[in-house]
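The values are calculated or read from the model by the stated rules, or taken from the named source; none is laboratory data. Just so you know, these numbers come straight off a predicted model, no measurement behind them. All Cβ positions, glycine included, derive from the backbone under ideal geometry; neighbour counts span all protein chains shown.
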Amino acid sequence: MKTVAYSCPFVPPEWIAAHGLRPRLLVPASLGTGAESGPTAGLCAFARAAAQAAVEDGAIDAYVATSLCDQRRRATELAARHSKKPVFMLHVPAACRAPGAEAMYIAELQRLGRFLVRLGGKEPSRDELILAMRRYSVARASLAATSATIPARQAAEAYWNLCENGPAGDAPPWLWAVQREGKPKPPGVPILLLGGPLTREGLVVLDCIEQAGGCVVVNATENGPATAAAPLPPVHTKASGAQFLMRTYYRHIPHPFSRPNDWLYEWLAATLTKCHARGILFIRHVWCDLWHAELARLKACSPVPVVDLDLAAGDDTAARVGGRVQALMEMLA
């Protein structure tokens, strides 16, 4: 079975799985160290690291990228030039409330489906797709319930395991770490984590928050558990499987790429009310224009203090994170 990697939350893994291929969330080990990873000026370190990992990993047969920002497009183009692996660009319409935007996302999923068939997959029936969606939805709901009681690092790793290994089996791999460790969630000042995606090395952010006396109540980084798709709605209607995917992904996941991006702030207001977070740690990668552009508005709109943390290739991540986390905790003291 061929493996199709992706790194964007708007790529539905159940769509890939229903086509008979193995979806795999691509989480780079780190942001890299600089020049040896290719051009760095003007290029988001995470986008470059993800595209490079897709090219270099021999277990990956194809890579699905998205058009959320210029950084992703540029990194994907560079990867495609240096690899014989098939690379697919999924265009996600930014004008989310414009007429035809939802239909365009569905059309893009259908175009991705044709790419997957050419790759060796099969075109799924509506029932096969709904079954795959239900399995993922149940697994995400189970994980969300468990995440409320375990440390933030453990919850993030379990979510990544789910996206890498799928929801199959009575004791799926994404649940093994939770069952094996069994550590309770530490008490502390409730913190909401928001912003760009984390690497595996970047999980030190979660550790630093807990070590400083905080508690990550919501991990809304771009590849964190809080940015997962919405639960599968009732399927008694005659809507197509792609329409259900549009509702659970495109219409649900908050992200600053959308125009207008009011959805992000509507989601944030509702989430802060629900989770009672006392502060926000804002994650952004150097050269990430999308998230960086939100910082001023976020600070102006947020009812709680906001501290930003910029991450770059070659940084001493632990030292930088420790200082910014301590600054946030001092503001909340």
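Entry remark, region 309-319: residues being surrounded by fewer than 20 Cβ atoms within 10 Å (Cβ to Cβ) and either within 19 Å of the chain's Cα centre (by Cα) or not small (Gly, Ala, Ser) (or both) number 4 in total.
Give the residue that is surrounded by the fewest Cβ atoms within 10 Å (Cβ to Cβ), with candidates limited to residues of region 144-162 that are among the small types (Gly, Ala, Ser) and under 18 Å from ILE209 (Cβ atoms). Per the stated criteria, the residue is ALA148. Applying the condition of being touching a Ser or Thr at 6+ places or on another chain (Cβ under 7 Å) and over 22 Å from LEU290 (Cα atoms) to region 183-199 and asking which residue is surrounded by the most Cβ atoms within 10 Å (Cβ to Cβ) yields LYS185. Within region 245-256, one or more residues are free of Cβ contacts under 8 Å to residues at least 60 places away in the same chain and within 19 Å of LYS299 (Cα to Cα).
Scanning region 95-102 for any residue that is of a type in the set (A, V, I, L, M, F, W, C) and at pLDDT 95 or above turns up at least one such residue. If you go through region 196-244 and keep only what is of a type in the set (Val, Ile, Thr) and either under 29 Å from ALA29 (Cα atoms) or assigned by TED's automatic domain parsing to the domain that holds GLN71 (or both), you end up with THR199, VAL204, VAL205, ILE209, VAL216, VAL217, VAL218, THR221, THR227. Take ASP57 and decide whether it is surrounded by fewer than 22 Cβ atoms within 10 Å (Cβ to Cβ), of a type in the set (D, E, K, R), touching a strand residue (DSSP E or B) at 6+ places or on another chain (Cβ under 8 Å) and within 29 Å of CYS288 (Cα to Cα). So ASP57 passes the test. Taken over region 210-267, residues that are among the aromatic types (Phe, Trp, Tyr) and surrounded by 20 or more Cβ atoms within 10 Å (Cβ to Cβ) amount to 3.
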